[in-house]
């Protein structure tokens, strides 16, 4: 993430990965203040065993793009909400990537952090049958979860 102040806003990424038993790293590095650290991290990620990178940043959120420029791994951009523009600045900085440098961009706030974690699981599940089974069970359990919410709502009306 671009700043340690981002963690409280995005910690649902870790919670989603924990649900599936996926290990992860959490680091603070800035595309603007420590570009050499970002380049080193991204360019060595594959050889260190990483298979997908989630890059979260707010404001002039260039972290995901800089990471994507230095790796062949899939990069998920997570725009972090900001006080100034509510995260629109972060979203536009993350989603407007030039051709040939793809970044999968999640939503600002709300479900964005959780979806980033689950999307990473979906990528990893392509090469991991155990993880694919957990993901299948998760998707199946959503049906019951939503049905229960529907019944609770009807009962409260």
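The values are calculated or read from the model by the stated rules, or taken from the named source; none is laboratory data. Keep in mind it's a predicted model, so treat the numbers as computed, not measured. Backbone-built Cβ (ideal geometry, glycine too); neighbour counts: all protein chains shown.
Worth a mention:
- Residue within region 46-66 that is touching a strand residue (DSSP E or B) at 6+ places or on another chain (Cβ under 6 Å), closer than 25 Å to residue 134 by Cα and without any contact (Cβ under 8 Å) to a residue 24 or more places away in the chain present: yes
- Put simply, of 83, 60, 31 the only residue that is at pLDDT below 95, closer than 17 Å to residue 5 by Cα, surrounded by fewer than 23 Cβ atoms within 10 Å (Cβ to Cβ) and touching a helix residue (DSSP H, G or I) at 6+ places or on another chain (Cβ under 9 Å) is 60.
- Meets criteria (under 27 Å from residue 128 (Cβ atoms), touching a residue at least 60 places away in the same chain (Cβ under 8 Å) and within 16 Å of the chain's Cα centre (by Cα)) for residue 80: no
- Qualifying position, being outside the structural domain of residue 138 (by TED's automatic domain parsing), in contact (Cβ under 8 Å) with a residue 24 or more places away in the chain and farther than 30 Å from residue 141 by Cα, among 28, 75: 28
- Leading residue by the ranking (surrounded by the fewest Cβ atoms within 10 Å (Cβ to Cβ)) among those in region 1-28 that are touching a strand residue (DSSP E or B) at 6+ places or on another chain (Cβ under 8 Å) and over 20 Å from residue 50 (Cα atoms): 3
- Restricting attention to region 104-119, the residues that are touching a residue at least 40 places away in the same chain (Cβ under 8 Å) and touching a helix residue (DSSP H, G or I) at 6+ places or on another chain (Cβ under 7 Å) total 6.
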